[in-house]
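J.: Please find one structure pasted underneath; my questions will follow.
The values are calculated or read from the model by the stated rules, or taken from the named source; none is laboratory data. These numbers were taken from a predicted model, which means no experiment stands behind them. Cβ atoms come from the backbone with ideal geometry, glycine included; neighbour counts cover every protein chain shown.
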Amino acid sequence: MTMPLAEPFFGALKNERVSRITYSTREEAKQDITRYIEFWYNRKRLHSALGDLTPHEAYPERCSMQLAA
C-alpha cells in the first residue's frame, strides 16, 4: 500500500520549519511557510519518492511523460 503524498509533506513542513519557529501573526506564518515551500521544499530538498530529485526538477519530466502517453 502506498503512502499518500500529503502525509510526508506535512510531516516535513512541521519538523523542518513550523516547530522551530514562533510566529507573531498569522500573516508572518503564511509568508514564512510559503517561502519554505517555494524556495526550499520545491527547489532544494531532494525527495526519495521522485528518485532523489526536487519537485522543481521532476515536474518537467512528469509533464513530458503525460504528453507521451
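J.: Mind checking whether some residue in segment 34-41 is in contact (Cβ under 8 Å) with a residue 12 or more places away in the chain and not in a helix (DSSP H, G or I)?
T.: no
J.: Continuing with the same structure: Among the listed residues Q31, Q66, identify the single one that is part of a helix (DSSP H, G or I) and either in contact with a Gly (Cβ under 7 Å, 6 or more places away or on another chain) or modelled with pLDDT under 90 (or both).
T.: Q66
J.: Given the conditions (1) part of a helix (DSSP H, G or I); (2) over 21 Å from E7 (Cβ atoms), which single one is not true for T22?
T.: Of (1) part of a helix (DSSP H, G or I); (2) over 21 Å from E7 (Cβ atoms), only one is false for T22: (1).
J.: Now, a different point. Quick check on segment 14-69: of everything there that is over 15 Å from the mean Cα position of the chain (by Cα) and of a type in the set (G, A, S), which residue is surrounded by the most Cβ atoms within 10 Å (Cβ to Cβ)?
T.: In this case the residue turns out to be A29.
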